[in-house]
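What follows is a short report on a single structure.
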Amino acid sequence: MPGPDLLSSQGLRLDGRRPNELRRIRCKLGVFTQPDGSAYLEQGNTKVLAAVYGPHQASKSKSSTEAVVVNCQYSMATFSTGERKNRPRGDRKSLEMSLHLRQALTAAIKTELYPRSQIDIYIEVLQADGGAYCASVNAATLALVDAGVPLRAYVCACTASMAWHGGSPAPLLDVGHVEEAAGGVVLTVASLPSTGSIALLEMSHRLHSDYFENVLSRALQGCRDIEVILDKAVRDHLAEGWTKQDVVTV
Amino acid sequence: MAGILLSHTEKVYITHGVKNEYRSDGRSNIDYRPMELETDVVSHASGSARLRLANTDILVGVKTEIDVPKPDKPGLGKIEFFVDCSANATPEFEGRGGEQLANSISNIMLRAYQSAQAFNLKQLCIFEGKQCWKLYIDILVTLCRIGEKCVVDPTAEEESCSLVSLIVGVTGNPKYYNDYEDEEELPAFEAKCSVISMHGPGSVSPQNLRDAINQGIIAAVCLDEALGKTLFRERRDTEQFKRHSYGFLK
């Protein structure tokens with residue numbers, strides 16, 4: 001059976017969380033003034049910066065007459081992982097991540113409103129401790145909201161895994177790097193929680209189909225919880241923004 | 001970097017102001033803009049720092065590795081710089097767009113640290129000829145309007161009407177970076193210049209160049225003193241558990 005040590009006898013995980021607990025999420029919108037929208041998000045020890053430029057005129061090669069072109073770049077700082085990473089971007093994994101990001105975000109943006117235009121989304125991972133893709137999607141959502149790009153719904157992403165507690169299966173929410181490296185299955189889901197639909201689904205390793213529904217529903221629940229947190233952050237940012245404006249104009 | 005549009009009259013205004021020692025934001029010719037510095041922002045790296053200067057935001061991470069010293073320099077360690085211009089700064093840095101700027105900055109840094117008085121590589125040696133530390137210094141430019149000294153620390157507007165910009169690297173005073181508990185007799189410290197680099201479409205006379213270098217050294221010494229005091233205060237706060245960690249959240 002995979003992952004024998006992921007849950008202790010008291011039902012606690014390697015970092016002390018319960019199986020259905022998310023890591024602490026802290027976020028801030030509008031960290032930079034130059035991009036149209038920016039956000040910083042921390043999920044546990046994973047730290048991600050997102051910047052959005054657009055919508056602006058599309059380069060000729062990428063222009064589309066029906067919908068906006070969403071251009072994503074996923075880049076990891078060289079000091080972000082335990083072992084120093086030589087190439088921040090352009091390697092296969094980063095390109096694959098950029099494609100997944102594009103898929104998840106294109107599902108949420110109202111693309112039909114901006115034909116012949118382009119939206120650039122740049123993600124910089126400052127510290128990767130598992131779930132870097134999920135943190136990137138969440139940060140990108142906040143940055144899009146900060147930029148004022150119309151969205152159908154929030155996009156939230158979450159991972160889930162499977163562990164065994166006394167012979168019965170226990171799905172784990174929001175896997176960290178140590179749990180990922182232990183070899184258990186990791187299911188990554190990006191969904192639009194308010195509509196209940198799934199934008200991206202990805203799984204590594206093996207999972208018996210009997211347990212799939214269980215793990216998937218745990219991940220979707222995680223996405224709903226993250227949406228609540230992101231929504232609160234957006235509302236706090238806007239409330240603060242009104243008072244800041246008053247101070248500046250006086 | 002994003003272009004600044006200035007009319008001819010505005011350029012004349014700035015250049016005349018500089019001649020009379022006042023600038024558009026009220027500083028004198030050798031004043032720096034206020035900067036924010038925070039250390040230990042990335043916990044995966046052995047050391048890290050974040051510097052914010054008006055519109056410029058830079059994140060530096062240092063990672064160490066044990067390596068074999070060079071055969072012609074058995075008693076010295078190794079140091080390597082890597083600069084990454086993130087696309088968060090401007091969309092022109094997407095993919096390999098920022099490579100030219102990044103390469104020029106890393107070359108300047110390498111030359112600055114080559115001299116033994118700037119940074120003593122002997123400190124990095126473990127076993128002479130067999131093992132040494134290799135420091136990887138990774139600089140992530142997250143937001144930039146980079147400027148450096150002819151007028152010290154020009155804003156983007158000032159830089160766009162300057163003919164030449166000069167970068168001067170000056171050695172730091174060791175008094176601020178070590179713990180000297182007793183009042184030792186330190187040799188009188190003289191700041192030395194370890195690297196000079198010029199950019200810009202114009203040319204400058206030797207006398208002007210000498211004045212500019214001296215001005216740069218004076219400003220750098222003040223900056224070094226301020227930095228040293230801040231680092232000392234941070235270290236003291238960490239020891240007394242008073243320090244709050246902000247990172248990008250503030």
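The values are calculated or read from the model by the stated rules, or taken from the named source; none is laboratory data. Not measured: the values here are computed from a predicted model. Using ideal geometry, Cβ is built from the backbone for each residue, glycine included, and neighbour counts are taken over all protein chains shown. Each accessible area value is taken on the protein alone, full model and side chains, heavy atoms only, with ligands, DNA and RNA left out. Shrake-Rupley method; radii C 1.70, N 1.55, O 1.52, S 1.80 Å.
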Averaged over A:38-46, number of beta-carbon atoms from partner chains that fall within 10 Å: 2
Starting from the Cα of residue B:67, step 7 Å along the direction of its Cβ; do the same at residue B:11; then give the gap between the two resulting points in nm. 4.4 nm
Which residue, A:59, A:168, A:117, has the most motion in a Gaussian network model of chain A that connects Cα atoms within less than 10 Å? A:168
Roll a 1.4 Å probe over the protein heavy atoms and report the accessible area of residue B:41 in Å², nearest 10. 20 Å²
May I have the extent of the alpha carbons of chain A along their three principal axes, as whole Å values ordered from largest to smallest? 60, 46, 39
Long-range lysine pairs (8 or more apart or interchain), chain A, Cα under 29 Å: 19
Share (percent) of C-alpha pair distances in the range A:6-117 greater than 16 Å works out to 74 percent
Given the -39500 (n - 2.57) contribution per DSSP H run of 4+ residues, what per-residue ellipticity at 222 nm results for chain A, rounded to the nearest 500 deg cm²/dmol? -11000 deg cm²/dmol
Peptide A:118-126, shielding by other chains (average Cβ, 10 Å cutoff): 4
Efficiency by 1/(1 + (r/R0)^6): what FRET value for residue B:114 and residue A:168, r their Cβ-Cβ distance, R0 = 60 Å, to the nearest 0.05? 0.45
Taking all protein chains together and a probe of 1.4 Å, list B:239, B:94 from the most accessible to the least accessible. B:239, B:94
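Enter the mean projected area of the convex hull around the alpha-carbon atoms of the range A:62-110, in nm², rounded to one decimal.
Numbers: hull surface 16.7 nm².
So the mean shadow area of the Cα hull is 4.2 nm².
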Tell me the label-point distance for the pair residue B:40, residue A:151, using the 7 Å Cα-to-Cβ offset, in nm and rounded to one decimal. 3.4 nm
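Kirkwood Rh, Cα Rg: Rg to Rh for the range A:103-159? Please list the in-between numbers first.
Working: Rg = 12.0 Å, Rh = 12.2 Å.
On the Cα set of the range A:103-159, Rg over Rh gives 0.99.
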Given C-alpha coordinates of the range A:131-195, what is the ratio Rg to Rh with the Kirkwood estimate of Rh? 1.11
Averaged over residues of A:16-28, the number of beta carbons from other chains lying within 10 Å of each residue's Cβ is 1
Area of residue A:102 that stays accessible when all protein chains are in place (1.4 Å probe, Å², to 10): 110 Å²
